[in-house]
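Below is one structure; the comments refer to it alone.
The values are calculated or read from the model by the stated rules, or taken from the named source; none is laboratory data. A quick note: this is a predicted structure, and the numbers were derived from the prediction, not measured. Counting neighbours? That spans all protein chains shown, and the Cβs are built from the backbone with ideal geometry, glycine included.
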Amino acid sequence: MLTTHEISTNSFIHPPAGIDAVRIYEFKGDERISLIPEGRVEVMFQLQGDFLHSLDAGDNWEERPFSFIGGMHSSSYEVHLRKGSGLCLGITLRPACAHKVIGDRLNDFQNAIIDIVDVFGIVGKELNEKVMEQRDIQSQVTIIRSFLANRYAGNQHMERSGFLEKAISGLNDHSVASVADSVGLSNSQFRRCFREKVGLSPKRYAQIRRVNQAIKLMTQMAFSSLTDITYQLAYYDQSHFVREFRSVTGKSPKELRKSLQ
């Protein structure tokens, strides 16, 4: 069983630029947990427990390092706590800002988890040591938040995030071609730039965000039928909605809705 608690960034005295959310993940039991991509890069620390990770429906499992960068996933993936209970601390980064914390070419992180030491080197190792020295979650969050904020501040020489913010917002309601045109790039230039700085193709990113909107509506029971969701979120028809939903989550809307009850 997985329980997620979110710490509001509004509670910080100085809300950090680039950070979208801070989450505590509590695992109990040895069941396999299927996770749905949200269109976010996440910095993860495994504070307790021994975890395995599978990107291909559980056919191949690999051990997860103590801390890692979880790149954007294009479809659902699985996590398995070997035994007992587990506790993870995750900090998700805003899509338009993640490259200023992690670095360019976020497409290299797609569908991957990469050890923080491999990404940040010796300073990543020092970060791990500082986090492990702390005995409470709030102190650990403060240390990690400070590290990420310094990384973000140190990369302000990179292009302003306004371009990406505009592009990401535009994908909610417009085609990739029209968004590319609105930011003054050709289709190919826009797709390449978006993949490198966000971590997914613009089309797949938009699909994942729309499916997450559908899941939110399902969770809140803010719909009368699947047809209602289909038209609220501007899918062509219900078969299009179901097909796209399954490609992201690995389940049909009805199957996922049942699992949420």
Inset, instruction - Working only within the range 235-261, note down all residues that are among the small types (G, A, S), surrounded by 11 or more Cβ atoms within 10 Å (Cβ to Cβ) and either more than 24 Å from the chain's Cα centre (by Cα) or outside any helix (DSSP H, G or I) (or both). - result: G250, S252
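Over 29 Å from T249 (Cβ atoms) and among the aliphatic types (A, V, I, L, M), is that true of V131? Explain how you work it out, then say what you get.
Values: over 29 Å from T249 (Cβ atoms): yes; among the aliphatic types (A, V, I, L, M): yes.
In short, yes.
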Legend entry - Hits in the range 209-261 (condition: under 24 Å from L171 (Cα atoms) and of a type in the set (S, T, N, Q)): N212, Q213, T219, Q220, T227, T230, Q232, Q238, S239, S247, T249, S252
Legend entry - Hey, A180 at pLDDT below 95, buried (at least 16 other Cβ atoms within 10 Å of the Cβ) and not assigned by TED's automatic domain parsing to the domain that holds L35 or not: yes
Legend entry - Residue identified as within 18 Å of the chain's Cα centre (by Cα) and either over 30 Å from A206 (Cα atoms) or surrounded by fewer than 13 Cβ atoms within 10 Å (Cβ to Cβ) (or both) among R94, R105, R82: R105
Legend entry - Qualifying residues in the range 185-233 (those that are modelled with pLDDT of 90 or more and of a type in the set (G, A, S)) - the one farthest from the chain's Cα centre (by Cα): S186
Legend entry - Count of residues meeting criterion [under 27 Å from I36 (Cα atoms), free of Cβ contacts under 8 Å to residues at least 12 places away in the same chain and polar (S, T, N, Q)] in the range 87-141: 1
Inset, instruction - Test R191 against the stated conditions and say whether it is surrounded by 15 or more Cβ atoms within 10 Å (Cβ to Cβ) and in contact (Cβ under 8 Å) with a residue 24 or more places away in the chain. - result: no
Inset, instruction - Would you kindly identify the helices (runs of 4 or more DSSP H) lying entirely within the range 51-151 that contain at least 1 residues that are out of contact with any strand residue (DSSP E or B) (no Cβ under 7 Å at 6 or more places or on another chain) and modelled with pLDDT of 95 or more? - result: 116-120, 122-133
